[in-house]
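This report refers to the structure that appears directly beneath it.
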Amino acid sequence: MSKLLIIDDDSSLTESLSVFFQQHHFDLICANEPQHGYELIGLESPKLVLLDIMMPGIDGFTLCKQIRQAYTLPIIMLTARGRLEDKVHGFELGVDDYLPKPFEPAELLVRVQALLRRSFSEEQRSTEQQGVLFFAGLAIFSAQQIVKVDGEDVHLSGMEFHLLKALASNPGKVFNREQITGVVKGVEVDLYGRSVDILLSRLRQKLNDSVSSPRFIKTIRGVGYTFIATPL
């Protein structure tokens, strides 16, 4: 799961949002005290920060300025103060989006997803020459033959890596068993004596993917397999 951080002194709000985001495959880390929240950025490396303005001790504007001096991750400011001058000040400090309270969690989720897509797209453009493929929850580094799922390294064999890269390079294309054999032929060992289905099953297991509710590879019954992850 991608990590997010919310810094807000309203513990009931942070707890309810944590449950909501968990249901949508995000790990929302909560901090109800500004300085603790700032420390968690370095400790947990979240992909995005949700930041309240009205907090005791250090207000959100001051904390935003501190964050921007050290980090480039996206920031969404949450506040009950909807004044235009607050929004302008927030954007001047480097806030990426602004959502007034009260808000619907579903709207916040959409804004988070949009910012993460933009962030990953910028990262993808900067690494295109290195042959890096980014998808929701998955990154494939071709030159280093490294795969990350939800930010964690996944160790694949050469055959598994080449198969995953071939599928991911053609999202939506359905590969039958003969085409998959052609993709991996000559990688490590020949597929003689091995089943394509077993190879896919092993790859799915390492990606922590589910046959019944797939994130990355979907089985098209009687036809083959297709890659379904959302490009970033």
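A short reminder: the numbers here are calculations on the coordinates, not readings from a lab. Since we're looking at a predicted model, the values are computed, not measured. No Cβ is skipped: glycine too gets one built from the backbone with ideal geometry, and neighbour counts run over all protein chains shown.
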| request: Report the label-to-label distance for His155 and Glu178 in nanometres (one decimal), using points 7 Å from each Cα along the Cα→Cβ vector. | output: 3.7
| request: Filter the trypsin sites (Lys or Arg not before Pro) in the range 27-110 down to the DSSP loop ones having no more than 16 other Cβ atoms within 10 Å, then list what survives. | output: Arg81, Arg83
| task | Would you work out the charge dipole size for the range 129-227 about its Cα centre, treating the Cβ of every Lys and Arg as +1 and the Cβ of every Asp and Glu as -1, and quote it to the nearest 20 debye? | result | 280
| request: Just subtract the alpha-carbon distance of Glu104 and Ile228 from 0.36 nm times their residue separation and send over the number in nm, one decimal. | output: 41.8 nm
| Can you give the FRET efficiency for Lys206 and Arg118, using 1/(1 + (r/R0)^6), R0 = 41 Å, r = Cβ-Cβ distance, to the nearest 0.05? | 0.90
| task | Rounded to the nearest 0.05, what FRET efficiency do Glu85 and His24 give with R0 = 41 Å and r taken as the Cβ-Cβ distance? Could you check? | result | 0.80
| query | Taking each full run of DSSP H in the chain as one helix, which ones are at least 30 Å long along their axis (Cα atoms) and have mean Kyte-Doolittle hydropathy of at least -1.0? | reply | 105-126
| task | Report, in debye and to the nearest 20, how large the dipole of the chain comes out about its Cα centre when Lys and Arg carry +1 and Asp and Glu carry -1 on their Cβ. | result | 1120
| Counting alpha carbon pairs within less than 8 Å and at least 6 residues apart, what relative contact order, in whole percent, applies to the chain? | 13
| remark: Too long for a 28 Å Cα-Cα cut-off, among Lys47/Lys173; Lys3/Lys165; Lys3/Lys173; Lys3/Lys65, are Lys47/Lys173; Lys3/Lys173
| Nearest 0.05, what FRET efficiency do Glu39 and Asp9 give at R0 = 22 Å with Cβ-Cβ as r? | 0.90
